[in-house]
Amino acid sequence: MGRSNPEQISPTAHYTGYVWFANGLSHAAFATREGRLMHRSLRLPNAFAERTGLPSLDGMLLARHRLIDLRLREAIDAGEVSQIVEVACGLSPRGWRFHEQYGDRITYIEADLPGMIKHKQRILAELGGESPAHRTAELDALDDNAFAALDLDPDRGTAIITEGLLNYFDRATVLAMWQRFARVLAPCPRGVYFSDIIVEEANRGLLVAGFSQLLSAFVRGRVHIHFADAVEVETELERCGFAAIALDPRDFTRELPGLEIAGAGRVKVIEALAGHA
């Protein structure tokens, strides 16, 4: 298992890092003892949800992760994107997996706050180290000038990814973040933003309210639900400088076999093109 400093890693990063590992999407170096213990503590609620057709936390997490992977891979294979920045990357294995698959065909930058990046650097050192094609960078997603230090190539198709980030923040902070991302991506020949988001429409009712309470307990804080539905998400992204669609993972069951339908229905995945406001 990878070494960890619990003070530097959020509970969600521990848990999601272990979910990816437990489901064959990651390497043991990304899994932490804390994540394993958290995953074990939620094994019964997740199993009960799966047996009864209720949404499980793991089902939602896997749906968003796999759909972002799918759409990013399609953009790379189509020659539209060759430069990727994963903001607040946490213990995501995506950078490692995509570098293993595409090598020098892409440049993958894993960005996060200093404490998390130090831990990520230790993980990558176990797996062969960083390179010009796969590197880490310190970045605060709320800093207007943060991307300047990344030295991005404006002549390359570029993707920004946030996963598990937006619902931590209030609406105003999210909109400011989207405007910031749109400005960074606009000069590129192709600039695309991928993210997950939880909307109100998909999280109503008493049974789903119980899922939301579990999610709030999981992140040890309030989960902000900013938008009523996918249409409002798309409208606000357009105002921020994007042409966007909020994808439903349940529409991709052929490409993503084995999705837990109930969990997948709790989340949307944003695919937004910059420079199209």
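Please say if the stretch 3-73 is rounded, prolate or oblate, where rounded means a/c under 1.5 for a ≥ b ≥ c the square roots of the C-alpha gyration tensor eigenvalues, and otherwise the choice is prolate for a/b larger than b/c and oblate otherwise?
Oblate.
Go ahead and estimate [θ] at 222 nm for the chain from helices alone: -39,500 (n - 2.57) per DSSP H run with n ≥ 4, summed, over the residue count, rounded to 500.
-13000 deg cm²/dmol
So how do H226, H14 line up by other beta-carbon neighbours within 10 Å, fewest first?
Ordered from fewest to most neighbouring Cβ atoms within 10 Å, H226, H14 come out as H226, H14.
What does the charge dipole of the stretch 58-146 about its Cα centre add up to, to the nearest 20 debye, if the Cβ of each Lys and Arg holds +1 and the Cβ of each Asp and Glu holds -1?
For the stretch 58-146, the charge dipole is close to 280 debye.
What ranking of D112, D248 emerges when the number of other C-beta atoms within 10 Å of each C-beta is taken as an exposure proxy, fewest first?
Sorted ascending by nearby Cβ count, the order is D248, D112.
Counting only other residues whose beta carbon sits under 10 Å from that of I160, what net charge do I get with K and R as +1, D and E as -1?
0
Go through I198, N46, L175 and say which Cα lies farthest out towards the positive end of the charge dipole of the chain; charges sit on Cβ, +1 for Lys and Arg, -1 for Asp and Glu.
Ranked along the dipole, the leading option is N46.
Under a 10 Å cutoff between Cα atoms, tell me which one of D229, D196, D77 has the largest fluctuation in the Gaussian network model of the chain.
D77
How much length, in nm to one decimal, is gained on full extension between R183 and E138, taken as 0.36 nm per residue of separation minus their Cα-Cα distance?
14.3 nm
Which of the listed residues, H119, F252, T107, is farthest toward the dipole's positive end in the chain, when Lys, Arg count +1 and Asp, Glu count -1 at the beta-carbon?
Of the options given, the answer is H119.
Springs between alpha-carbon pairs under 10 angstrom, Gaussian network model over the chain: which of L127, L247, L185 fluctuates most?
In the Gaussian network model the winner is L127.
I'd like to verify something in the chain: which complete DSSP H helices, judged by Cα projection on the helix axis, reach 18 Å or more and average at least -0.5 on the Kyte-Doolittle scale?
Within the chain the helices that satisfy the rule are 57-77, 171-185, 206-219.
Under the rule of at least 5 residues apart or a separate chain, name every residue whose amide H is placed under 5 Å from the amide H of T136.
Amide H neighbours of T136: E110.
For Cα extents along the principal axes in Å, which listed value, (1) 50, 43, 35; (2) 49, 38, 33; (3) 61, 44, 38, comes from the coordinates shown?
(1)
For I160, I197, what's the fewest-to-most ordering of other Cβ within 10 Å of each Cβ?
Ascending number of Cβ neighbours within 10 Å: I197, I160.
Of the candidates N46, N145, N167, which one comes out as most mobile in a Gaussian network treatment of the chain with C-alpha springs shorter than 10 Å?
For the chain, modelled as a Gaussian network with Cα springs under 10 Å, the answer is N145.
Using alpha-carbon positions, what is the distance between the centroids of the stretch 36-104 and the stretch 165-202, in Å?
18
Give the long-range amide H neighbours of I270: residues separated by 5 or more places, or on another chain, with amide H under 5 Å away, using H modelled in the peptide plane at 1.01 Å from N.
S195, D196, I197, L247
Which of the GluC sites (Glu not before Pro) found in the stretch 232-277 are loop residues per DSSP with 16 or fewer other Cβ atoms within 10 Å of their Cβ?
Hits after loop and neighbour filter: E255.
None of the figures in this text is laboratory data; all of them are computed from the coordinates on show. Worth saying up front: this structure is predicted, and the values here are computed from it rather than measured. We place every Cβ from the backbone using ideal geometry, glycine too, and count neighbours over all the protein chains shown.
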